[in-house]
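Structure, as structure tokens:
Where a number appears in this text, it was derived from the coordinates with a stated rule and is not lab data. Note that the coordinates shown come from a computational prediction; the quantities given were computed from them, not determined experimentally. Positions of Cβ are generated from backbone atoms using ideal geometry, with glycine treated the same way; all protein chains shown enter the neighbour counts.
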Amino acid sequence: MEVDSFSDKEITKDPIESYLVCLVHLMGTFRAESQANVYTAFNDKILTIVKKYNGIFVKNIDNDLFFYFPDTFNFEKGEAFECALETSVAILSARFGINEMLVEEGLPEISYNISNDYTNLNLRLFKSKKSISFEVFRAAFEFCRQINMMAPENSIIIGEDLYAIVKRFSFQRDYNFQKLPDLVYGKHCLYPVYLVSKEYNSQS
């Protein structure tokens, strides 16, 4: 008999799993002669950071990089959510280094926004397969893209579902959360979103 790798407590009837997902949107357009080099510098740096923080890259579509954090399957695992937020902070901070490199090569500087949320993903059906169809992620991707559009330039934004989880852990004191106008989606639906910034201790 094949034994499932998940505990009985984690198994649900439908089986739906939830994970923290993240989308990085590169803003603006670029001339044809510089576009490939800009995208390469952007993609390489961001994906290196994602891998360092145990994220899994899913797909890049146009100006968007989309990934998720498998360890956030357990919403009681605070360190997994802290690591995921640190990923966004590291990605945002990396913009200065990326731009320095681009300028040295005579290429334009870039700006980008980062959006995160906690959402349902039916990944269980793909546990034994080498790859997962993007269709599994499409709804999460599209909603994360809508959240991203609410963010000011060069910022981190999260949705209410993720905010509700993060606020339960002590590490949330290391961050500032600023409520933004609700995201309007569908015909009459409102979804709260929050601007996130790291609170650095000025003491040595």
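Rounded to the nearest 0.05, the FRET efficiency derived from the C-beta distance between residue 44 and residue 187 at R0 = 41 Å is 0.50.
Charges were assigned to the Cβ only: +1 to each Lys and Arg, -1 to each Asp and Glu. The resulting dipole of the range 12-198 about its Cα centre is roughly 580 debye. Think of the range 12-198 as a dipole: +1 on every Lys or Arg Cβ, -1 on every Asp or Glu Cβ, centred on the Cα centre; then among 194, 56, 23, 56 lies furthest on the positive end.
Put a dot 7 Å past the Cα of residue 34, heading toward its Cβ, do the same for residue 136, and the two dots end up 3.9 nm apart.
Taking other residues whose beta carbon is less than 12 angstrom from the beta carbon of residue 79, and scoring Lys, Arg as +1 and Asp, Glu as -1, yields -3. The P(r) of the range 12-198 has a tail past 23 Å containing 42 percent of all C-alpha pairs. May I ask for the distance between the Cα centers of the range 89-111 and the range 137-201, given as a whole number of Å? When both Cα centres are located, 24 Å separates them.
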